[in-house]
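We did not get these values from a lab; they are worked out from the coordinates using the rules stated. What you are looking at is a predicted structure, and each value in this text was computed from that prediction instead of being measured. All Cβ positions, glycine included, derive from the backbone under ideal geometry; neighbour counts span all protein chains shown.
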2 protein chains.
Amino acid sequence: MQVSVFHTPELVPEGTPDCAVAVDVLRATSTIATALANGATAVQVYADLEALGAAAAGYPREDILRGGERGGKQVEGFDFGNSPLYCTSERVAGKRIFMSTTNGTRTLERIRHAPVVLTAALVNVGFVARYIRSQAFETVWVVGSGWQGNFSLEDTVCAGALVEQLGGAANDEAVAAAALFDTWEGDLIELLERASHGQRLLKLGLLDDIVYCAALDTVSALPRQTAAGVLVQGMA
Amino acid sequence: MQVSVFHTPELVPEGTPDCAVAVDVLRATSTIATALANGATAVQVYADLEALGAAAAGYPREDILRGGERGGKQVEGFDFGNSPLYCTSERVAGKRIFMSTTNGTRTLERIRHAPVVLTAALVNVGFVARYIRSQAFETVWVVGSGWQGNFSLEDTVCAGALVEQLGGAANDEAVAAAALFDTWEGDLIELLERASHGQRLLKLGLLDDIVYCAALDTVSALPRQTAAGVLVQGMA
């Protein structure tokens, strides 16, 4: 298995791997994993609030939840922001979740042509790695979402956790990511607090979100894309 | 001091730092440091062989040396390839060196507007760090050259050595680079052998170059850009 890491969707080259994994630890892919593990029917992601609203309008109000933030605040009229902590089974079981996430959506868009598209976060990286190992994929691309086109520490470390478990680092980014995971594996909360996006969340008072997103392998979810931006719990 | 790292020239944002440092460990900035420390008058770098030839034609033949490779082989009629091992004081003292380097030239081009532009490699990173620490720079940008637009492990680790010595990591890339330097500081030869560009050089039989470029702080050089692509030994 050849595992390549790309720091941001902008750095993904031409071509199509057998499997592509989108990572957005703070917080889109942590929230997706949590919602699906707790029984959400699907999570649909959008960069744009209008497109989200239009898609959500096709479903009965009681069957859906809408999540999204602008400027660090929950969008007015929405059910939640972007926090995975909202997504308890009491709230999300049986619901279709429409979620706004700029960086995560761009990543899923960039890798949509791969035959298998998954999402991973620290909370479910082991679960995703087990599935990938069980398949006969020759090439796997792990793509960080970053922040407005820039490298993000937490996405790269999560990508490194995948490389560690899959082996076969196929580019310099993969070698570096695995080494960074080794460095921080024992202190992922500190990692997320040092990361620039973690610092933004801390300023918003979201330490609980950071602590949750820093926990390794607490969620049994294999989020798999079935249509553009639509993620369901895949078969593991 | 705020030290930011950018993996490639393409990722450098708008704006102008007080000091910018170009890194191309394999092998342009290792060769530049070596040539200047051994008495070369200047090293002038070019992406393009024609531009190099035109510039070199303005000097008496006995005053210059031309270095460059295409497809892993020394350019016909040139004095050397890109190897720092060629640049002994017997050969380079008093000479003006015209060198072809695609990635390194692009990096220097991208940061040319900074008031102070330096180059660093593992062989002279401590020397460069001492100079930077002695100045009252508020912002320092360290820019890896990468390989055809991609992240390179060896440039990032060298950038990390600078961050370690300067403090003040100002972006996620800088935090990660410093951690990668910590990981490999004790085994830089292995690092360069694992890096994809190191593997290309190994296939060309250039292990001696790798071993030379992996040695930390063996060269006392502060290469400083005085005009576009023209590097001289600066005052430390």
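Please get the size of the charge dipole for the protein assembly as shown, origin at its Cα centre, with Cβ charges of +1 on Lys and Arg and -1 on Asp and Glu, quoted in debye to the nearest 20.
Working: 34 positive and 54 negative charges, 133 e Å.
Dipole magnitude for the protein assembly as shown comes out near 640 debye.
Could you tell me how far the Cα centroid of the stretch B:149-205 sits from the Cα centroid of the stretch A:54-89, in Å?
Value for the Cα centre distance between the two parts: 42 Å.
Using Cα pairs under 8 angstrom and six or more residues apart, how large is the relative contact order of the stretch B:2-226, in percent? Before the final figure, lay out the partial values.
Working: 478 pairs, mean separation 77.0, N = 225.
Relative contact order comes out at 34 percent.
Could you list A:SER4, B:SER196, B:SER220 so that the one with the fewest beta carbons within 10 Å of its beta carbon is first and the one with the most is last?
Numbers: A:SER4 23, B:SER196 18, B:SER220 15.
In order of increasing Cβ crowding within 10 Å: B:SER220, B:SER196, A:SER4.
So what's the net charge close to A:GLY68: Lys and Arg +1, Asp and Glu -1, counting the other residues with Cβ under 11 Å from its Cβ?
Details: positive: A:ARG66, A:ARG70, A:LYS73; negative: A:ASP48, A:GLU69, A:GLU76, A:ASP79.
Here the charged neighbours net out to -1.
Sort all Cα-Cα distances of chain A into consecutive 5 angstrom bins from zero, then give the percent of pairs in each bin up to the one containing the longest distance.
1, 7, 16, 21, 22, 16, 10, 5, 1, 0
By how many nm would the segment from B:ALA47 to B:GLN148 lengthen if fully extended, with 0.36 nm per residue of separation less the alpha-carbon distance?
Working: separation 101, 0.36 × 101 = 36.36 nm, distance 1.23 nm.
The span from B:ALA47 to B:GLN148 would gain 35.1 nm if fully extended.
Say the dipole of the protein assembly as shown comes from +1 at the beta carbon of Lys and Arg and -1 at that of Asp and Glu; which of B:VAL128, A:LEU188, A:MET99 then lies farthest toward its positive end?
A:MET99
Charges on Cβ only, +1 for Lys and Arg, -1 for Asp and Glu, centred on the Cα centroid of the protein assembly as shown; of B:THR34, A:LEU108, A:THR31, which one is farthest towards the dipole's positive end?
Going by the charge dipole, the pick is A:LEU108.
Considering amide H positions built from the backbone, and no H for Pro or chain starts, which residues 5 or more places from A:VAL142, or on another chain, come under 5 Å of its amide H?
A:SER4, A:VAL5, A:PHE6, A:VAL21
On a 0 to 90 degree scale, rounded to 10, what angle separates helix B:28-37 from the longest Cα axis of chain B?
In chain B, helix B:28-37 runs at an angle near 70 degrees to the longest axis.
If one takes the longest principal axis of the Cα atoms in chain A, at what angle in degrees, from 0 to 90 and to the nearest 10, does the Cα axis of helix A:172-184 lie?
Taking the Cα atoms of chain A, the angle to A:172-184 is about 70 degrees.
Can you return the lysines within cross-link range of A:LYS73? Criterion is Cα-Cα under 27 Å, with same-chain partners fewer than 8 residues away left out.
In chain and number order, the partners are A:LYS95, A:LYS203.
GNM, chain A, Cα, under 10 Å: largest mean-square fluctuation among A:GLY160, A:GLY168, A:GLY126?
Per the Cα network of chain A with a 10 Å cutoff, A:GLY168 tops the list.
Using only the Cα atoms, work out Rg/Rh for the protein assembly as shown, with Rh taken as the Kirkwood radius, to two decimals.
Values: Rg = 24.4 Å, Rh = 23.4 Å.
For the protein assembly as shown, the value is 1.04.
Take chain B, connect every pair of alpha-carbon atoms lying under 10 Å apart with a spring to form a Gaussian network, then pick out the residue of B:GLU109, B:GLU185, B:GLU14 with the largest mean-square fluctuation.
Maximum fluctuation in the GNM of chain B, among the listed residues, is at B:GLU14.
What do you get for Rg/Rh over the stretch B:84-224 if you use C-alpha atoms and the Kirkwood form of Rh?
Details: Rg = 15.1 Å, Rh = 16.0 Å.
Reported Rg/Rh, Kirkwood definition of Rh: 0.94.
If you take the Cα Rg of the stretch A:12-148 and divide it by 2.2 N^0.38 Å, with N the number of residues, what do you get?
Working it through for the stretch A:12-148, the quotient is 1.05.
Measuring from a point 7 Å past the Cα of A:GLU109 along Cα-to-C-beta, which residues in the stretch A:19-62 have an amide N at less than 18 Å?
Those under the cut-off are A:21-24, A:27-29, A:44-56.
Along the charge dipole of chain B, which of B:THR156, B:PHE78, B:SER220 sits closest to the positive end, that is, farthest toward it, with unit charges on the beta carbon of Lys, Arg, Asp and Glu (+1, +1, -1, -1)?
Of the candidates, B:PHE78 comes out farthest on the positive side.
Spelling out what I want: for every residue of the stretch B:3-14, take phi, set θ = phi - 60°, compute 6.51 cos²θ - 1.76 cosθ + 1.60 (Karplus), and round to whole Hz; glycine and proline get x.
After applying 6.51 cos²θ - 1.76 cosθ + 1.60, I find 10, 10, 10, 10, 5, 9, x, 5, 8, 6, x, 5 Hz.
With charges only on Cβ, +1 for K and R and -1 for D and E, what is the dipole size of chain B about its Cα centre, in debye, rounded to 20? Walk me through the numbers before you get to the answer.
On the way: 17 positive and 27 negative charges, 127 e Å.
Rounded to the nearest 20 debye, it is 620 debye.
Which residues in the stretch A:145-187 place their backbone N less than 18 Å from a point set 7 Å from the Cα of A:LEU207 along the Cα-to-Cβ direction?
A:187
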